[in-house]
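A.B. asks: Submitted below is the structure of interest, expressed as structure tokens.
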Amino acid sequence: MNGGRILIAYFSWSGNTRGVAEEIRRQTGADVFEIIPVPAYSDDYNTVLMEAQEDQH
Ligand SMILES: Cc1cc2nc3c(=O)[nH]c(=O)nc-3n(C[C@H](O)[C@H](O)[C@H](O)COP(=O)(O)O)c2cc1C
């Protein structure tokens, strides 16, 4: 640690990245900010694949 503050900013659709972010927070004491998209992505996997492709256009 160099005395600077650390921010973990993450987005997680199904929870995997959230778990990683929480583990990094546990090990570093960093601040955590969850990015929550508006409108939310679908809970349905096939639908969210289409939404993600649209977002890349
Ligand atoms: C829109 C979308 C596309 C994905 N595409 C792939 C892919 O091409 N290959 C792959 O191995 N995993 C793919 N995944 C799975 C995620 O990369 C993986 O499960 C990741 O751990 C999800 O993190 P999360 O639980 O924080 O959302 C995709 C997930 C989503 C939501």
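The values are calculated or read from the model by the stated rules, or taken from the named source; none is laboratory data. What you see is a predicted model; the values in this text were computed from it and never measured. Ideal geometry is used to build each Cβ from the backbone, glycine not excepted, and the neighbour counts take in all protein chains shown. Just so you know, the surface numbers come from the protein's heavy atoms only, side chains and all, with ligands and any DNA or RNA stripped out. Shrake-Rupley method; radii C 1.70, N 1.55, O 1.52, S 1.80 Å.
A.B. asks: Return one number: the angle in degrees, 0 to 90 and rounded to the nearest 10, between the long axis of the Cα atoms of helix 45-55 and the longest principal axis of the Cα atoms of the chain.
C.D. replies: So the inclination is approximately 80 degrees.
A.B. asks: What part of the accessible area of segment 7-57, given as a whole %, is carbon or sulfur when the probe is 1.4 angstrom? Can you show the working numbers first?
C.D. replies: Details: 2200 of 4080 Å².
Taking all protein chains in place, segment 7-57 shows 54 percent carbon and sulfur surface.
A.B. asks: Whole number in Å², please: accessible area per residue of segment 7-55, 1.4 Å probe, ligands, DNA and RNA not counted. Before the final figure, lay out the partial values.
C.D. replies: Values: 3760 Å² over 49 residues.
Here the per-residue accessible area is 77 Å².
A.B. asks: Another question, then. Using only Cα atoms and rounding to the nearest 10 degrees, what angle (0 to 90) does helix 16-28 make with the longest principal axis of the chain?
C.D. replies: So the helix axis and the longest Cα principal axis differ by about 10 degrees.
A.B. asks: Are there trypsin sites (Lys or Arg not before Pro) in segment 1-54 that DSSP puts in a loop and that have at most 12 other Cβ atoms within 10 Å, and which ones?
C.D. replies: Numbers: sites: 5, 18, 25, 26; in loops: 5.
Sites meeting the loop and neighbour criteria: 5.
A.B. asks: One-quarter of the Cα convex hull surface for the chain, in nm²? Don't skip to the answer; put the middle values down first.
C.D. replies: Working: hull surface 19.9 nm².
The directionally averaged projection comes out at 5.0 nm².
A.B. asks: Follow-up question, since we're still on this one. Ranked from the most accessible area to the least, with a 1.4 Å probe and all protein chains present, what is the order of 7, 49?
C.D. replies: On the way: 7 115, 49 80 Å².
Result, largest first: 7, 49.
A.B. asks: When all protein chains stay in place, what accessible area (Å², nearest 10, 1.4 Å probe) is found for residue 6?
C.D. replies: 70
A.B. asks: Something else now. Sort 32, 20 from largest to smallest accessible area, using a 1.4 Å probe on the heavy atoms of the protein chains.
C.D. replies: 20, 32
A.B. asks: Take every Cα pair under 8 Å in the chain that's 6+ residues apart, average their separations, divide by the length, and report that relative contact order as a whole percent.
C.D. replies: Numbers: 42 pairs, mean separation 18.0, N = 57.
For the chain, the relative contact order is 31 percent.
A.B. asks: Please list, in chain and number order, the residues 5+ apart from residue 8 or on another chain whose amide H is under 5 Å from its amide H, with Hs placed from the backbone.
C.D. replies: 31, 32, 33
A.B. asks: Let me ask you something else. Scan the chain for chymotrypsin sites (Phe, Trp or Tyr not before Pro) in coil per DSSP, keeping those whose Cβ has at most 16 other Cβ atoms within 10 Å, and list them by number. All intermediate terms of the calculation are to be shown ahead of the outcome.
C.D. replies: Numbers: sites: 10, 11, 13, 33, 41, 45; in loops: 11, 13, 41.
Passing both the DSSP loop test and the Cβ count: 11, 13, 41.
A.B. asks: Taking R0 as 22 Å, what's the FRET efficiency between residue 34 and residue 5 from their Cβ-Cβ distance, rounded to 0.05? Display every interim value, and only then the final one.
C.D. replies: Numbers: r = 17 Å, r/R0 = 0.79.
Efficiency for this residue pair is about 0.80.
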